[in-house]
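Only one structure is covered here, and it is reproduced in the block below.
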Amino acid sequence: MPLRAMKRETGEALTLEWALHVNDYKLTHDRKYCVGCQICSLACPKEAIRVEKQPKITGQKAEKPKIDVDLAKCNFCGICDAICPYGAMRLTVDGKHALSVVEKESFPRLIRDIQVSPARLQGDARECEDACPLGLIKASWHTADGRFVENLSGLTEAEKQGVHVQVDVDVEHCPCCRECEFKCSEGLIQVGKFLSGKIDIHTEKCPEGCTDCLGVCPIKDALYLSNTDNKVHVNETFCVYCGACKLVCPVNDALELKRTSIRHTAIRSGAWNKALERLTSSVEVAKELKSKRSLKAAQSVKKRVGMKVTQNVP
Amino acid sequence: MYREASAEMVGTVRKTRKRGRIKVQKRPRIGVFVCQCGSAISSLLNVEALTQYARTLPNVTYAENMNYPCSHQGQERIKAAVKAKKLERVVVAGCSPRLYEPTFQSCVSQANLNPWLFEMANIRELDTYCHQASPKETTEKAKDIVRMAVAKARVLEPLQPIELPVTKRVMVVGGGIAGINGALDLADMGFKVYVVEKTETIGGYMALLDKTFPTLDCSICIEGPKMVDVGRHPNIEIISFADILKVDGSVGNFRVRIRKNPRYVIAANCTGCGECKDACPIEYPNYADMYLGVRKAISVPYGQAVPLIYTINRDYCIECYKCVDACGAREAINFDQKPEEIELNVGAIVLSIGYDMYNPKDLEWTSYGKSLNVFTALEFERLILAAGPTAGKVVRASDGQKPHSIAFIQCVGSRDLSRYEYCSSFCCMYTLKHSVMLKEKYKDAVDVYVFFNDMRSNFKGYEEFYNRAQKSGVKFIRTKLENRRITEDPKTNNLTVNVETEDNEPVSVNVEMVVLANAAIPASTAPELAKILNVPLNKDGFFIECQPKIRPTDTDVPGIFLAGACQGLKDIPYSVAQGSAAAAQAASVLRKDSWLVEPLVAEVNADLCSGCKVCMSACSYNAIRMEKSGDKETARIVEGLCRGCGVCSSACPMDAIKMPNYSDRQITAQIGAVMQKEAET
């Protein structure tokens, strides 16, 4: 058989495949999770991912851009899978999720710092499920003897004493917006963002009545429409700096977004430096490289002198 | 005609051509020798009458007829006649000058006559062969031909061969098994050899095979040591991953421009340890595995590669530089490497660029490319190879299961007038090899069918191998080459082979895997190289040898020789033999300090040349350059490249270019001789 390179597209997913005789490489782009934020396209080392902006129809809500992957350019490296904040890309080799770029430390893993402490639950955990704008939180109850509880109110007070609650977060698809941290019982879930930056909306430049950015923002409370000036404003507490809003903004410079850092596992890789530069800026790359160098220096000094050196990270 | 002047023809060699004319004798004494050619001439025309007629022609002082003047006795008689009758010109009326002109030229030079004072009258190919029914007319036509030859002989001029210096180095293009043998032979003879290879490694197709027929020797185990020998030989330099851009010059002194493509690995620093490969996260389909398996973005196509230098495929590399870290202090990786152009000077070139495999995707009946379990023979070779992507397990593409029945289909694309008319020559034998290997490996667990039209097992040990295949239980089904069709069951991915026997009986066989013996085709680089080297291709796209029977490794270009499948498809032992043959041919050039060529090379009279360059555009061989001559630019003929076709001479508006031996004076003398007859009747 000649190389079987295939591309299939359905409403739910875009699938690229290299079906070799012994290995099967498959990249699936799940439209359900994709928010059209462009991060994969910026990180792709082969420039194989194209973000197609959808035409705006006056009077209708702005549509999120569509992602297209060029089969001829894609090398099935899985960097898009590793970087997507929403977990919309998935690379499998022979049916198994495999990220050789991450295993070989050519690309970092994003650090999704999510701590769940069910002991701190007060009241109904349903509010946590509702708190997640992406529906990634699932709460379930079990009695002391391990029985699954369908409905809490059907239990007696005595029975309720022994009920054990479990809160599951679909970490893989979580962009770490922190809405759950604020909306659930205090301290139940603690989230650290992996993307940080700065976002500003210059409302004076916004066209009258435009809510395009708000329409595509996947995080419910990151953007809101103010009652006072009828313009969209930002709540940076929840913004994940994915940039989906910026792509649909009809006015140049009305929405300013700058990513400053990305929390990731420590690695040394040219591919990451380039991706980081495209996702943030060269200044941020320089900063990261500098910190890596001081880390390395500290390690080598420690190895030689056998003493602890205070790390000087800018 | 352009060939080496034989040693006997050399009188005093002149290094530069004299422009002055040699005085032509007014009344030279001409001898005419008419050949009977067994019955090929004598039975179809009156040889005696022709000889009588020749005696009546002006200046002919002697004429005789004999059987086979080309024989030893015949040549002796001509020599004796030249001496006894003091002949100054010799005309032989016989066959085509393409065959025997050199023989007679050396014959007359042994009789102390300049070889270019000889003229041949072709009364066989141009006369008796084409008018077999009318002996009277053939005699009349032969008289005309002889009269023309005598008329030209009267004004022939003595010429001297041209001497070209020889560079004692050689380039072998293509490092397959033919090129490897040619290179090793030449290097052992003491010549410096450059092996220029397009891919990353030498070895060619043989390195990708599992076994060789009919002995079932492990292919790479035989070729590997030879590849290593090439890599280590002090006289051989491998220039791999390189393309030939331009070839100038001619026999004895070719100037070759080569582009070394960047590997992004510094050859001198790479130790071939493979640590970079282990660090690399990226895999891509490997051509050496026929895209059935993968290789890393920094890798070698297979372990036995020579030279063992890793290559980064920048189409797939993500530039994480993990390989740079892994390489460490060896510092062999350089992402800034650029293509590098180099120039070689060589005296001879051996062309051994091999072949390609036809992709049968466009042959609808094969179902190749659509049905998952239809493979080409080379893909099957990689499947059954222990070092291949499946570690030697023959498994189907659809479900990874071992097939219980396999059909081999012969002549896919070859012997097909709509694709390739020729026979690919080695498919019958490799199919026998595959079927024997399957039977020996899986015994009765697999049924093997071979659908063939003619089984071509016609060399040493091959017929015996065919018998072995028959005894091992392979079922041979003779079919017509038309109306074959392979269909797939969409549920099971099993295949049905529908064929017709020679008696038009339809036959259908259900199998779980099909292997196609797809045609071998000329290398994709052949047309470009043919243009660069001026070596013509035949209608199929293989290089044309000088003479198919007796000069199979020469090309029409002196100093360029052919070896292996690029000349015509052939199997390993014949490629090896031809590699050595071409090496010997090349050595016959290289061992000389200078190379003598026939003086049939155009001459420019610089005084008449106006520098209009019309001749340059007329020349098909790039043999004309412009050169400063006094205060103007005039044309100059590159003697090593000129083939003496005469096109420039007729194109020149100033009549400044002369073709020796075909001068206006000589040609008009011949025309005059024919017109004279017209006037008489």
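Going by the conditions given, is A:E127 charged (D, E, K, R) and touching a residue at least 40 places away in the same chain (Cβ under 8 Å)?
yes
With A:A222, A:A275 as the choices, which residue is within 14 Å of another protein chain (Cβ to nearest Cβ), in contact (Cβ under 8 Å) with a residue 40 or more places away in the chain and within 21 Å of the chain's Cα centre (by Cα)?
The match here is A:A275.
Would you confirm, using the coordinates I've provided, whether A:V69 is of a type outside the set (S, T, Y), surrounded by 18 or more Cβ atoms within 10 Å (Cβ to Cβ), more than 12 Å from every other protein chain (Cβ to nearest Cβ) and farther than 21 Å from A:L136 by Cβ?
Against the criterion (of a type outside the set (S, T, Y), surrounded by 18 or more Cβ atoms within 10 Å (Cβ to Cβ), more than 12 Å from every other protein chain (Cβ to nearest Cβ) and farther than 21 Å from A:L136 by Cβ), A:V69 qualifies.
Could you identify the single residue in A:N75, A:N23 that is within 29 Å of B:L378 (Cβ to Cβ), touching a residue at least 40 places away in the same chain (Cβ under 8 Å) and outside the structural domain of A:C239 (by TED's automatic domain parsing)?
Among A:N75, A:N23, only A:N23 is within 29 Å of B:L378 (Cβ to Cβ), touching a residue at least 40 places away in the same chain (Cβ under 8 Å) and outside the structural domain of A:C239 (by TED's automatic domain parsing).
For segment B:316-360, what are the residues that are more than 28 Å from the chain's Cα centre (by Cα), within 11 Å of another protein chain (Cβ to nearest Cβ), of a type outside the set (V, I, T) and not in a loop (DSSP other than H, G, I, E, B)?
Within segment B:316-360, B:K322, B:C323, B:D325, B:A326 meet the criteria.
For segment A:179-222, which residues satisfy the criterion of being part of a loop (DSSP other than H, G, I, E, B), surrounded by 21 or more Cβ atoms within 10 Å (Cβ to Cβ) and of a type in the set (D, E, K, R)?
A:K193
Looking at segment A:17-34 only, could you name the residues that are assigned to a strand (DSSP E or B) and more than 14 Å from every other protein chain (Cβ to nearest Cβ)?
A:T28, A:H29, A:D30
Scan segment B:56-65 and give yes if some residue there is aromatic (F, W, Y) and out of contact with any helix residue (DSSP H, G or I) (no Cβ under 7 Å at 6 or more places or on another chain), otherwise no.
No.
Identify all residues within segment A:96-121 that are out of contact with any strand residue (DSSP E or B) (no Cβ under 7 Å at 6 or more places or on another chain) and either in contact (Cβ under 8 Å) with a residue 60 or more places away in the chain or within 13 Å of another protein chain (Cβ to nearest Cβ) (or both); write none if there are none.
Within segment A:96-121, A:S100, A:V101, A:V102, A:E103, A:K104, A:E105, A:S106, A:F107, A:R112, A:S117, A:R120 meet the criteria.
Residues in segment B:358-374 that are under 21 Å from B:A523 (Cα atoms) and either crowded, with 23+ Cβ neighbours inside 10 Å or in contact with a helix residue (DSSP H, G or I) (Cβ under 8 Å, 6 or more places away or on another chain) (or both): how many?
1
State which residue is nearest to the other protein chains (Cβ to nearest Cβ) when the search covers only segment B:278-299 and only residues that are part of a loop (DSSP other than H, G, I, E, B), touching a helix residue (DSSP H, G or I) at 6+ places or on another chain (Cβ under 8 Å) and at pLDDT 95 or above.
B:P281
Among the numbered conditions (1) surrounded by 19 or more Cβ atoms within 10 Å (Cβ to Cβ); (2) of a type in the set (A, V, I, L, M, F, W, C); (3) over 18 Å from B:V146 (Cβ atoms), tell me where B:A84 comes up short.
(1)
Does B:R255 satisfy the criteria of being surrounded by fewer than 23 Cβ atoms within 10 Å (Cβ to Cβ) and either within 30 Å of B:Y462 (Cα to Cα) or within 14 Å of chain A (Cβ to nearest Cβ) (or both)?
When the stated conditions are applied, B:R255 does not pass them.
Quick check on my filter: what residues within segment A:76-90 are within 14 Å of another protein chain (Cβ to nearest Cβ) and either surrounded by fewer than 22 Cβ atoms within 10 Å (Cβ to Cβ) or among the aromatic types (F, W, Y) (or both)?
Across segment A:76-90, the qualifying residue is only A:F76.
Which condition breaks for A:H202 when tested against (1) closer than 22 Å to A:E284 by Cα; (2) out of contact with any Cys (no Cβ under 7 Å at 6 or more places or on another chain)?
Only one criterion in (1) closer than 22 Å to A:E284 by Cα; (2) out of contact with any Cys (no Cβ under 7 Å at 6 or more places or on another chain) is unmet by A:H202, namely (1).
The values are calculated or read from the model by the stated rules, or taken from the named source; none is laboratory data. These numbers come from a predicted model, not from an experiment. Neighbour counts are summed over all protein chains in view; Cβ atoms, including those assigned to glycine, are modelled from backbone coordinates with ideal geometry.
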